[in-house]
Amino acid sequence: MKSCGVSLTTAAVAFGDEAKKMAAGKASRESEEESLSLTVEEREALGGMDSRLFGFVRLHEDGARTKTLLGKAVHCYESLILKAEGKVDSDFFCQLGHFNLLLEDYSKALSAYQRYYSLQADYWKNASFLYGLGLVYFYYNAFHWAIKAFQDVLYVDPSFCRAKEIHLRLGLMFKVNTDYKSSLKHFQLALIDCNPCTLSSAEIQFHIAHLYETQRKYHSAKEAYEQLLQMENLPAQVKATVLQQLGWMHHNMDLVGDNATKESFAIQYLQKSLEADPNSGQSWYFLGRCYSSIGKVQDAFISYRQSIDKSEASADTWCSIGVLYQQQNQPMDALQAYICAVQLDHGHAAAWMDLGTLYESCNQPQDAIKCYLNAARSKRCSNTSTLAARIKFLQNGSDSWNGGQSLSHHPVQQVYSLCLTPQKLQHLEQLRANRDNLNPAQKHQLEQLESQFVLMQQMRHKEVARGLHKSQSSCLSGPNEEQPLFSTGSAQYHQATSTGIKKSNEHLTLPSNSVPQRDADSHLSSHTATSGGQQGIIFTKESKSSKNRSLVPETSRHTGDTSNGCADVKGLTNHVHQLIADAVSSPNHGDSPDLLIADNPQLSALLIGKANDNVGTGTCDKVNSIHVAVHTKTDHSVASSPSSAISTATPSPKSTEQTSINSVTSLNSPHGGLHTVNGEGLENSQSSTKVDLPLVSHRSTSQIIPSMSVSICPSSTEVLKACRNLGKNGLSSSCILLDKCPPPRPPTSPYPPLPKDKLNPPTPSIYLENKRDAFFPPLHQFCTNPKNPVTVIRGLAGALKLDLGLFSTKTLVEANNEHIVEVRTQLLQPADENWDPTGTKKIWRCESNRSHTTIAKYAQYQASSFQESLREENEKRTQHKDHSDNESTSSENSGRRRKGPFKTIKFGTNIDLSDNKKWKLQLHELTKLPAFARVVSAGNLLSHVGHTILGMNTVQLYMKVPGSRTPGHQENNNFCSVNINIGPGDCEWFVVPEDYWGVLNDFCEKNNLNFLMSSWWPNLEDLYEANVPVYRFIQRPGDLVWINAGTVHWVQAVGWCNNIAWNVGPLTACQYKLAVERYEWNKLKSVKSPVPMVHLSWNMARNIKVSDPKLFEMIKYCLLKILKQCQTLREALVAAGKEIIWHGRTNDEPAHYCSICEVEVFNLLFVTNESNTQKTYIVHCQDCARKTSRSLENFVVLEQYKMEDLIQVYDQFTLVSDQHVSTLRWV
């Protein structure tokens, strides 16, 4: 034993000690197991705790007991999972996720939810899980995935108890994504809901008013703000914010009178705002801008000083101070102010331009050039072309510059050495304290920092010696003239930057919408406080010292301080996780640290799952470099990181040039923080966490309505018997898909992908020679074949001898010259390209302004446009003749496509020709068409709706000039469409098969566009890169284009022409299936379906005998589902003691939609008492009715169909024996 270096005695003593330790460890483990077991009372208390309590459990106030219980439960669950090596019921993980969410441990919550997602096949049925998952996504600013999760909750459970909270958060996220229409709808849905929420009604109304302001609808915003001020018991913070917004709007917009009047109103509003909240730095800043615009320099300086004192340092504030100093001929003070601005926000284009202007005025062109280059590099620079021209001018003429005042002591290279950031100052103090123990590299760093500090101090002493401050003492001194208002030396700057770097517990502010300043300092820069998605700026936070909730819009351009204005209000929970962004860092960062989901590594491995599950932590790459793939449930795939999901929430083309977009309200407690979505701050920073975000669901749903996957054989008696007493247990959703199907999802791209040489397939075309060809049955079969996404029938007008002259502009004017025409103002662009208005880059967004005129006036425009084109053509011919010797050069130039600025054109669209009295001749002429293409026919599903759907079962006319665009879309509810070119010009069509609409939907989401509601024009290069085939063809006068069900298409006029179009619904299983799928997709996306598929299905059962088994099965199942819902709802109402009043239906009465959420309401209509008394019958669905009035005491229930009638229709709808021909009958 000696050789071991340990004696026997020592070994014995050590062994005895080890035995004691083992015994003590065993005893401690037994006591620990006892402490980890949950009592019956604790289990009962935990049984009712899930994600629905998030935001309503005050763990940081009086909930210490609850917090302790949740912590114990988490510890217990983790121990059980560890002991079982992860082989526990999936509900364990779901509940563990809920507990961690309530404890605001988002990383562990996400990991537990991931595991539940991977284990539970029908996870989508669990609304609490989806809601919790959505909250976690929201926390990580992964809005793309949060929106999906929240929409799934509302789809599977429209009466979810936290629906109001979901609508609020959806409204905020859509607002950030610039989908303003969707945002407004969700805010309004939240406003009508009487259930509890983390924002008050006043605060939701403020968001609605601000939404109008963000869209530049200033009069609507002003009206909404003023209406809000009339509310009783309006919280002081909301009042202050409303007054602030009104003041800033009056400053920027011509809302009242002349300039003096509007500034007077602006100052009055801002002063009232400061009375309500004296600590609002933003209001002080706005007030300073107003004073500056009317020449009150001293008042402006005082306001700016108050702004810096009350809130964090703002690059906008310092830039404005610099402008004032420059106007007062104090270049050194202006220089210091601009330096502060660019130190706080390196990407502040206005400050760089102002600094460049200052150097120019001091005859330092080289420094001016460097400043202008920095401004041009900023994503928020809106006038790069002007800057480029200025830079070129300075570069060519800089050698001749001499004389005048100079800032030679501070060239632009020294801008960053003049002032040290707080971090550098702290580091300097640390190095000084350990001077004796520094290595050579640290000593060198210390020397550099000390030299910078000396330069800063020398500059301050020189300024004081020159007496720059004394020369303006009347403007710069305080009330008692004791000290200057601004000391632009190191001390003041350090104070500004130190407050500017703080990141915790500040109250956030809501983004403002403003327009470029038109005041006294506008000649110096483009320094404007703008927002609302127009300029994409970031906002400063309110000072922590204010202790108030702030809704105040800020206008700072901090890149590092990602504090966009949003309401941070009491009761808001789930803080949007703040990722600290380094605006000047290299874009190539290393991977972020691994996210540990539990303190125990073994437990972490269990929660993450085994490697073959593909569920775990991945690397967090640069935000905008990640492309989230579409996964299927079978491989348990998840998104790679929160930043990957963030990258899908791309800002609109309006704001992608900017550093960031508006950030969402910080819905969290106790401290609010947020980060920009896809802003420069995130692009060039590494995430502070690394987590995997599981996809909510990405199954391919090509078989959403499988053929006979459920029995549809039971009689109505069996159905009603099965429904008995179901209503007493609550109500199911109104989904008409199978119960076993998850929420609808776009289809994945077909596999295997097409080779590149197959991406421009030939367009299916049929040439008609005579009338017999048009009525040949195979033509109908060819057009409706799902394999043909589009068919061009050439020469149709000639074969049928259609008088297209009836639809010519001349005839239309003679028939109804005062008929209304909707006008879309667009930019004239090449058909295969879509550029932003400046012509600098290709985009998907295709904006147009809407207005109205008459047929006569548009006819004049159409004619004048043609005459103007003739004049231009003659001028070109003359020029070509005069320069024939330069033919090659002219040819080369003519081949170059113009990239902007683009000419403005007007497109006359959606002209209604439904009135048979006004357009009798035109509509009668269309009866010459073959039956399958007619507006009205027995074989057209839309003819069985029973009422008019404008533009679908009626004719619409389009009047075009060259370049008129119909943006990309699928037809309403995926119905087929017929389009005939009247001429005399051609149209160019682009068509993508229905199988690929999911790919286009993904592209729209990446470009921050709503596939269903936005206007978009696909970039062909993107489509070809994604292996999407595009049919491209020319439609000549007399040609009929048949668009098959679900086909995506977009059209541009080549010449001057008119077109007529309408929709058709062939009696096929494919058409019905795609229509129902789009009906459900619209419901998921909160978009109204123009075709009421439930109403249509019952009419089809009454009117049509079906021989196609697939079509029969789908219709029969829809009837089964709706019959069950009607009976269940009736029982629920009777059990609640609610009277059902017979109302019936009139002939041609339209189907009913909820006036709130716009879902179809069938049979049982919920109408307010007032509406019923006035016979206006404003209909609500049962979910919206209960949200407005929980006990329905303010509603009456009207019944339109007797259950006996529905039962009879259901039982009599049977499959006919003929397997080849569908016989139709009219009732």
Fill in: region 355-384: number of residues that are more than 23 Å from residue 327 (Cβ to Cβ) and in a helix (DSSP H, G or I)
7
Worksheet entry | Given (1) in contact with a helix residue (DSSP H, G or I) (Cβ under 9 Å, 6 or more places away or on another chain); (2) of a type outside the set (Phe, Trp, Tyr); (3) under 26 Å from residue 196 (Cβ atoms), number of the condition residue 1189 does not satisfy | (1)
Fill in: Candidate set from region 319-344 (those that are within 23 Å of residue 394 (Cβ to Cβ) and of a type in the set (Val, Ile, Thr)); member that is surrounded by the fewest Cβ atoms within 10 Å (Cβ to Cβ)
339
Item to complete: Considering only region 1162-1185, state which residues are under 18 Å from residue 194 (Cβ atoms), open to solvent by 10 Å² or more (accessible area, probe 1.4 Å) and in contact with a Ser or Thr (Cβ under 9 Å, 6 or more places away or on another chain).
Response: 1168, 1170, 1178, 1180, 1181, 1182, 1183
Worksheet item: Hey, any hits in region 1066-1089 for a residue that's open to solvent by 10 Å² or more (accessible area, probe 1.4 Å) and among the β-branched types (Val, Ile, Thr)?
Response: yes
Fill in: Which listed residue is in contact (Cβ under 8 Å) with a residue 12 or more places away in the chain, of a type outside the set (Lys, Arg) and more than 23 Å from residue 222 (Cα to Cα), from 291, 269, 304
304
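Could you say whether any residue in region 345-354 is surrounded by fewer than 24 Cβ atoms within 10 Å (Cβ to Cβ) and either of a type outside the set (D, E, K, R) or part of a helix (DSSP H, G or I) (or both)?
Restricting attention to region 345-354, the residues satisfying the condition of being surrounded by fewer than 24 Cβ atoms within 10 Å (Cβ to Cβ) are 346.
Adding the requirement that they be either of a type outside the set (D, E, K, R) or part of a helix (DSSP H, G or I) (or both) leaves 346.
Checking region 345-354: at least one residue is surrounded by fewer than 24 Cβ atoms within 10 Å (Cβ to Cβ) and either of a type outside the set (D, E, K, R) or part of a helix (DSSP H, G or I) (or both).
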Practice prompt. Taking residue 297 as the residue in question, decide whether it is over 19 Å from residue 281 (Cβ atoms) and touching a Phe, Trp or Tyr at 6+ places or on another chain (Cβ under 7 Å).
Written response: no
Practice prompt. Please determine, by comparing only the residues of region 1122-1138 that are over 23 Å from residue 1208 (Cβ atoms) and more than 38 Å from the chain's Cα centre (by Cα), which one is least open to solvent (accessible area, probe 1.4 Å).
Written response: 1138
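Hey, which of the helices (runs of 4 or more DSSP H) in region 53-169, taking only ones fully inside, have at least 2 residues that are touching a residue at least 24 places away in the same chain (Cβ under 8 Å), within 20 Å of residue 741 (Cα to Cα) and of a type in the set (Gly, Ala, Ser)?
On the way: elements: 64-83, 90-102, 106-119, 127-139, 143-156.
Filter on region 53-169 gives 127-139.
Please count how many residues of region 284-310 are among the small types (Gly, Ala, Ser) and open to solvent by 10 Å² or more (accessible area, probe 1.4 Å). Before the answer, list the steps.
Restricting attention to region 284-310, the residues satisfying the condition of being among the small types (Gly, Ala, Ser) are 288, 292-293, 295, 300, 303, 307.
Next, only the ones that are open to solvent by 10 Å² or more (accessible area, probe 1.4 Å) stay: 293, 295.
Result for region 284-310: 2.
Kindly indicate whether residue 148 is open to solvent by 30 Å² or more (accessible area, probe 1.4 Å) and within 22 Å of residue 1080 (Cβ to Cβ). Full working, then the answer.
Working: open to solvent by 30 Å² or more (accessible area, probe 1.4 Å): no; within 22 Å of residue 1080 (Cβ to Cβ): yes.
Judged against the criteria, residue 148 is not a match.
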Item to complete: Looking only at region 178-190, decide whether some residue is open to solvent by less than 20 Å² (accessible area, probe 1.4 Å), touching a helix residue (DSSP H, G or I) at 6+ places or on another chain (Cβ under 8 Å), assigned to a loop (DSSP other than H, G, I, E, B) and hydroxyl-bearing (Ser, Thr, Tyr).
Response: no
Practice prompt. Six or more apart or on different chains, Cβ under 8 Å: which pairs go from a residue in region 1125-1152 that's without any contact (Cβ under 8 Å) to a residue 60 or more places away in the chain to one that's small (Gly, Ala, Ser) and open to solvent by 70 Å² or more (accessible area, probe 1.4 Å)? Could you list them?
Written response: 1136/1191
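Residue under question is residue 1149, and the condition is that it be in a loop (DSSP other than H, G, I, E, B), at pLDDT below 95, open to solvent by less than 60 Å² (accessible area, probe 1.4 Å) and among the acidic types (Asp, Glu); does it hold? Step through it out loud before you land on a result.
Details: in a loop (DSSP other than H, G, I, E, B): yes; at pLDDT below 95: yes; open to solvent by less than 60 Å² (accessible area, probe 1.4 Å): yes; among the acidic types (Asp, Glu): yes.
So residue 1149 passes the test.
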Discussion item. Among the listed residues 316, 277, identify the single one that is open to solvent by less than 10 Å² (accessible area, probe 1.4 Å), closer than 22 Å to residue 207 by Cα and in contact (Cβ under 8 Å) with a residue 60 or more places away in the chain.
Written reply: 277
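Looking only at region 1021-1074, count every residue that is among the aliphatic types (A, V, I, L, M) and without any contact (Cβ under 8 Å) to a residue 24 or more places away in the chain and tell me the total. Talk me through it step by step, then tell me what you get.
Within region 1021-1074, the subset among the aliphatic types (A, V, I, L, M) is 1023, 1026, 1028, 1030, 1034, 1040-1041, 1043, 1045, 1048, 1051, 1053-1054, 1060-1061, 1064, 1067, 1069, 1074.
Restricting the remaining residues to those that are without any contact (Cβ under 8 Å) to a residue 24 or more places away in the chain gives none.
The number of residues fulfilling the criteria is 0.
Does residue 90 meet the test of being more than 30 Å from residue 195 (Cβ to Cβ) and either open to solvent by 30 Å² or more (accessible area, probe 1.4 Å) or modelled with pLDDT of 90 or more (or both)?
Numbers: more than 30 Å from residue 195 (Cβ to Cβ): no; either open to solvent by 30 Å² or more (accessible area, probe 1.4 Å) or modelled with pLDDT of 90 or more (or both): yes.
When the stated conditions are applied, residue 90 does not pass them.
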Discussion item. Any residue that is over 30 Å from residue 839 (Cα atoms), among the hydroxyl-bearing types (Ser, Thr, Tyr) and out of contact with any His (no Cβ under 6 Å at 6 or more places or on another chain) - is there at least one of those in region 306-313?
Written reply: yes
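The values are calculated or read from the model by the stated rules, or taken from the named source; none is laboratory data. Note that the coordinates shown come from a computational prediction; the quantities given were computed from them, not determined experimentally. Reconstructed Cβ throughout: ideal geometry from the backbone, glycine too, with neighbour counts over all protein chains shown. Heavy atoms of the whole protein, side chains included, go into the accessibility calculation; ligands, DNA and RNA do not. Shrake-Rupley method; radii C 1.70, N 1.55, O 1.52, S 1.80 Å.
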